[in-house]
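The values are calculated or read from the model by the stated rules, or taken from the named source; none is laboratory data. None of the values given here were measured: they were computed from a predicted structure. We place every Cβ from the backbone using ideal geometry, glycine too, and count neighbours over all the protein chains shown. SASA here: full protein model, heavy atoms, side chains in, ligands and nucleic acids out. Shrake-Rupley method; radii C 1.70, N 1.55, O 1.52, S 1.80 Å.
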Amino acid sequence: MSKVVLVTGANSGVGLALCERLLSHNSDGLQLCLACRNMQRAEATRSHLLTSHPAAQVDLLQMDTSSISSVLRAAQEFKLRYARLDYLYLNAGIMPNPQFDVKAFVKGLFSSNVINMFSTGEGILTQKDGITNDGLQEVFATNLFGHFLLVRELEPVLCHAGQTSQLVWTSSSNALSSTFSLDDIQHQKGTQPYSSSKYATDLLSLALNNRYNKQGLYSSVICPGFMLTNMTIGILPFYLWKLLMPFFLMLRIFTNTLTLTTYNGSEALFWVFLQKPESLNPFSKYHSLTSALGNSYTQPHKMDINMETSESLYEKLLQLEKDMRGKLKDKEKESHHAKETCRI
């Protein structure tokens, strides 16, 4: 039986690179579904994939993880199309308006943290977050909460007796506990919502394992390393990236986290696909790494997380889900009432 794979944020970056690798590995044995916000780009991605793999089964699903109603509609549509889901890649994410802190960068150049600064962007990037139509912080909603809702909605096709399914989260080495607070899970008060959302991702994955492993559903976290994608390319002018590229290649002598390309960055995402889900460590983040010679490989690193915090986050997300569903129902009632009033 062919495996059903759903990938969010599949039309560019590491998500697209993963899809290409999955089809190259076994296009006949996959039913690949691309969940994307922009359907025009999704259609172009599907055509691109079918050009290389004309016999492949590639479907599209319109979904914006920052919108609760969009996630709920997409999940309902998916369940009508498929009776099972083997792999759910929770990859869609944003880092809006990244700001480069020159002062922090110069300071970091003369510190012991210089290598880590270049490989993760720690301490030198801040973002200006927005608010979604649902009233949530945009980064939190897009990177974490929308995916949390999706997992909850797709539970019937993920959890089957005698079937093993897997969640694979795209996290980051920039997922820092110092940027996350249980008192502010949406990161309304800080300037590093991306880092906070990724640390929350690590915590959520652990909580999901604690709750779903007995039902055959396993969750893993990966880090694609530092790549040049649509998310990072806008941080600096393009000509500076070109000038810096030889430096980054040289820096690989000292750090293996500079994957640089989306193909290299997708290494851990693809590697996890080849493993037995139950063999993976729920406390480990699987990193895409690239050696000084340009060879890619995957390596686990223990995450800075604990069960108590992960469970507390999960409970807060459940409460937020309850609140948001209630607000959505109230809006639907108001809309229905308004329509009835117009008819009268």
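Here are some notes:
- Ser171 being touching a residue at least 24 places away in the same chain (Cβ under 8 Å) and farther than 24 Å from Glu77 by Cα: yes
- Criterion violated by Met245 - all others in (1) of a type outside the set (D, E, K, R); (2) at pLDDT below 95; (3) touching a His at 6+ places or on another chain (Cβ under 7 Å) satisfied: (3)
- Contact annotation: residue pairs with Cβ atoms under 9 Å, 6 or more positions apart or on different chains, pairing a residue in segment 304-332 that is over 19 Å from Asn209 (Cα atoms) with a partner that is of a type in the set (Asp, Glu), are Met324/Asp134; Lys327/Asp134; Leu328/Asp134.
- Count - residues of segment 1-15 that are in contact with a helix residue (DSSP H, G or I) (Cβ under 6 Å, 6 or more places away or on another chain) and either buried (at least 24 other Cβ atoms within 10 Å of the Cβ) or not in a helix (DSSP H, G or I) (or both): 5
- Taken over segment 282-323, the criterion of being closer than 26 Å to Phe226 by Cβ, of a type in the set (D, E, K, R) and open to solvent by 70 Å² or more (accessible area, probe 1.4 Å) is satisfied by Lys302, Asp304.
- Within segment 273-331, the set of residues being part of a strand (DSSP E or B) and not small (Gly, Ala, Ser) comprises Lys285, Tyr286, His287, Leu289, Thr290, Tyr297, Thr298, Gln299, Pro300, His301, Lys302.
- Boolean, Pro96 is open to solvent by 40 Å² or more (accessible area, probe 1.4 Å), in a loop (DSSP other than H, G, I, E, B) and either out of contact with any Leu (no Cβ under 9 Å at 6 or more places or on another chain) or touching a residue at least 60 places away in the same chain (Cβ under 8 Å) (or both): no
- Pairs with Cβ under 9 Å, 6+ apart, first in segment 63-88 and within 28 Å of Thr164 (Cβ to Cβ) and of a type in the set (Phe, Trp, Tyr), second assigned to a helix (DSSP H, G or I) and open to solvent by 30 Å² or more (accessible area, probe 1.4 Å): Phe78/Glu153
- Scanning segment 174-194 for residues that are in a helix (DSSP H, G or I), without any contact (Cβ under 8 Å) to a residue 60 or more places away in the chain and either in contact with an Asp or Glu (Cβ under 9 Å, 6 or more places away or on another chain) or under 14 Å from Gln137 (Cα atoms) (or both) yields a total of 1.
- Count of residues meeting criterion [out of contact with any Lys or Arg (no Cβ under 8 Å at 6 or more places or on another chain) and at pLDDT below 95] in segment 280-293: 1
- Matching residues in segment 11-36 - criterion: being closer than 17 Å to His147 by Cβ and modelled with pLDDT of 95 or more: Val14, Gly15, Leu18, Cys33, Leu34, Ala35, Cys36
- Subset of segment 25-66 [polar (S, T, N, Q) and open to solvent by 30 Å² or more (accessible area, probe 1.4 Å)]: Asn26, Gln31, Asn38, Gln40, Ser47, Thr51, Ser52, Gln57, Gln62
- Candidate set from segment 160-199 (those that are of a type in the set (A, V, I, L, M) and closer than 15 Å to Gln127 by Cβ); member that is surrounded by the most Cβ atoms within 10 Å (Cβ to Cβ): Ala175
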